[in-house]
Amino acid sequence: MTSIDLNADLGEGFGRWQLTDDEELLSVVTSANVACGFHAGDAVTMRRVCELAAERGVRIGAQVSYHDLAGFGRRAMDVPASELAAEVAYQVGALEVFARAAGTRVSYVKPHGALYNRVVHDAEQAAAVVEGVVLADATLPVLGLPGSHLLKVAEQAGLPVVTEAFADRAYTERGTLVPRSQDGAVITDAAAVIERSVTLARSGTVVSHSGEHVVVRARSLCLHGDTPGAVELARRVRAELTASGVRVEAFV
C-alpha cells in the first residue's frame, strides 16, 4: 500500500499572538514542524506544542529559519555560513530540550520560508544548514524539496533525507515552488488541494503553474497551518487519502 506522511508548520505564535491551531492540527498530521523562535514561536509555545505532540504520538521536527521574527522568516537574508550553521544548531537544541521534557525527541529538521527556498539552489547555504544539523545531532533526517542542494549535501554528510511536496503551493516546470510574491503561488481552492494531495501521494506528479505535469516524488506532504480553514482542510485531505487507499503514517 502507498503511504505518505502529513506534516504541518506549528507553534507559529509569539507571546499572546497565535497563528496556528496547534491542538486541532495535531489530531490530523503525523509530523509537526515546530517553530524554534527565529521566525515564530517562543519557549512557552515550543513546550506546549511538544507536550501536545507527544501525547498524540506525532513526530516533532525542528523548523529552522533565518533570524527574522518581523518578516516571519520569509524575507531574503544573507547570513555568513558559520553564523547560519550555529543558528541552526541553536534552534534544534532549544526544541530538543522541550521535546525530551515531554518524553520524546526531535525527529527531523526542516528549514522554513526564505531559508527553505534558498537552500534549494544555494549550495553554500545548504552546506551551512547541514553543518548546523550535524552539530546538533548527526543522526537527524532532513526534510526538503526533491532535487534540492539541501538534500544532496545532507546525503553526502551521511544524514537521512526525506523528500517533501506541497499540495497548496504552485510549482514551476522545474519542480520548484512558485515564489509567494507571484499571483497564484498559494492554492486556496480546497477541492484542488485535496485532489493534488491524492495525486502527489499516488502518482508522484503535480500540474505546474504553466500546465505541465511535473514529477515530484515525496515521502511527506506539507499542509500549511497558517491558512484560513487549515484544520478542516487537513481533515478532508487525510480522509480522502485514506479513502483512496493511501496509508497516512510518519516517515520516522
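The values are calculated or read from the model by the stated rules, or taken from the named source; none is laboratory data. From a predicted model like this one, the values you see are computed outputs, not experimental measurements. Glycine gets a Cβ as well: all are built from the backbone with ideal geometry, and neighbour counts include every protein chain shown. Only protein heavy atoms, including side chains, enter the accessible area calculation; ligands, DNA and RNA are left aside. Shrake-Rupley method; radii C 1.70, N 1.55, O 1.52, S 1.80 Å.
Observations on the structure shown:
- Note on Leu69: accessible area approximately 80 square angstrom, rounded to 10, probe 1.4 Å, nucleic acids and ligands left out.
- Summing +1 for each Lys or Arg and -1 for each Asp or Glu among the other residues whose beta-carbon sits under 11 angstrom from that of Asp189 gives -1.
- Calculation over all alpha carbon pairs of region 1-75 in 10 angstrom steps from 0 returns a P(r) of 21, 52, 22, 4, 0 percent.
- His112 - accessible surface, heavy atoms, 1.4 Å probe, Å² rounded to 10: 10 Å²
- In summary, the chain shows an alpha-carbon radius of gyration equal to 0.92 times the 2.2 N^0.38 Å reference for compact globular proteins.
- For Ser3, residues with placed amide H under 5 Å, excluding near neighbours: Arg247
- Both numbers refer to the Cα atoms of region 136-252; Rg and Dmax are 14.6, 41 Å.
- Segment Ser244-Ala192, extension gain: residue separation times 0.36 nm, minus the distance between their alpha carbons: 17.2 nm
- HN-Hα J in Hz across region 45-52 - Karplus 6.51, -1.76, 1.60, θ = phi - 60°, x for Gly and Pro: 5, 4, 4, 4, 5, 4, 5, 5
- The string of couplings for region 239-245 from the Karplus curve (6.51, -1.76, 1.60, θ = phi - 60°) is 4, 6, 4, 5, 5, 8, x Hz, one whole number per residue in order, with x for Gly and Pro.
- Protection-proxy order for peptides 164-170, 121-127, 36-42, each taking the mean of Cβ atoms within 10 Å per residue, highest first: 36-42, 164-170, 121-127
- If the chain linking Gln18 and Val97 were pulled fully straight, counting 0.36 nm for each residue of separation and taking away their Cα-Cα distance, it would gain 26.3 nm.
- Whole-Hz ³J(HN,Hα) from phi, Karplus 6.51 cos²θ - 1.76 cosθ + 1.60, for region 119-126, glycine and proline x: 6, 5, 10, 9, 5, 5, 5, 4
- Projecting label points 7 angstrom from Cα along Cα→Cβ for Ala76 and Ser181 puts them 0.6 nm apart.
- DSSP bridge analysis restricted to the chain gives an antiparallel fraction near 20%, rounded to the nearest 5.
- Taking the inverse of the mean 1/r over every pair of distinct Cα atoms in region 101-189 gives a Kirkwood hydrodynamic radius of 13.9 Å.
- Charge tally in the Cβ shell below 14 Å around Val214, where Lys, Arg are +1 and Asp, Glu are -1, Val214 excluded: +2
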